[in-house]
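The structure appears below as structure tokens.
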Amino acid sequence: MATDNNLRVSDELRAQAAEIAERQGRTTDEFAAEALAQYIETQKIAQDLSDLASWGARHARERGFKPSDVEHAIADVRRGR
């Protein structure tokens with residue numbers, strides 16, 4: 001369920017959003033809601049990737065891997081070892 005909300009943006013940003021929304025045959029509110037939803041999803045993915053990279057780095061350190069070991073480890077995996 002949607003509720004009425006106020007979001008303060010610059011006049012320039014509002015005009016740009018209104019122009020794009022009009023070209024797409026949508027309201028500015030519809031355009032802004034979709035843009036915000038996409039931004040939030042992008043931020044979630046970015047956080048997931050950051051968490052994964054941190055996990056990988058932590059596990060590599062725990063196993064004693066150094067950056068110079070990466071290519072060798074990749075080659076081993078590709079050879080099925």
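The values are calculated or read from the model by the stated rules, or taken from the named source; none is laboratory data. Since we're looking at a predicted model, the values are computed, not measured. Positions of Cβ are backbone-derived with ideal geometry, glycine not excepted, and every protein chain shown enters the neighbour counts. These accessible areas exclude ligands, DNA and RNA; they are computed on the full protein's heavy atoms, side chains included. Shrake-Rupley method; radii C 1.70, N 1.55, O 1.52, S 1.80 Å.
Summary table
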item	result
Debye log10 I(q)/I(0) for the stretch 11-77, one point scatterer per Cα, at q = 0.15 Å⁻¹	-0.63
Accessible area of the chain belonging to carbon and sulfur atoms, whole % at 1.4 Å probe	54 percent
Degrees separating the helix 11-23 axis from the principal Cα axis of the chain, which is the longest one	90 degrees
Order by protection proxy (mean Cβ within 10 Å, highest first), peptides 57-69, 14-26	14-26, 57-69
Heavy-atom surface of the chain, accessible at 1.4 Å and reported per residue (Å²)	93 Å²
Value of [θ]222 nm, deg cm²/dmol, for the chain, DSSP H segments ≥ 4, -39500 (n - 2.57) each, nearest 500	-24000 deg cm²/dmol
The stretch 1-44: equivalent-ellipsoid semi-axes (sqrt of 5 x gyration tensor eigenvalues, Cα, Å)	17, 13, 12
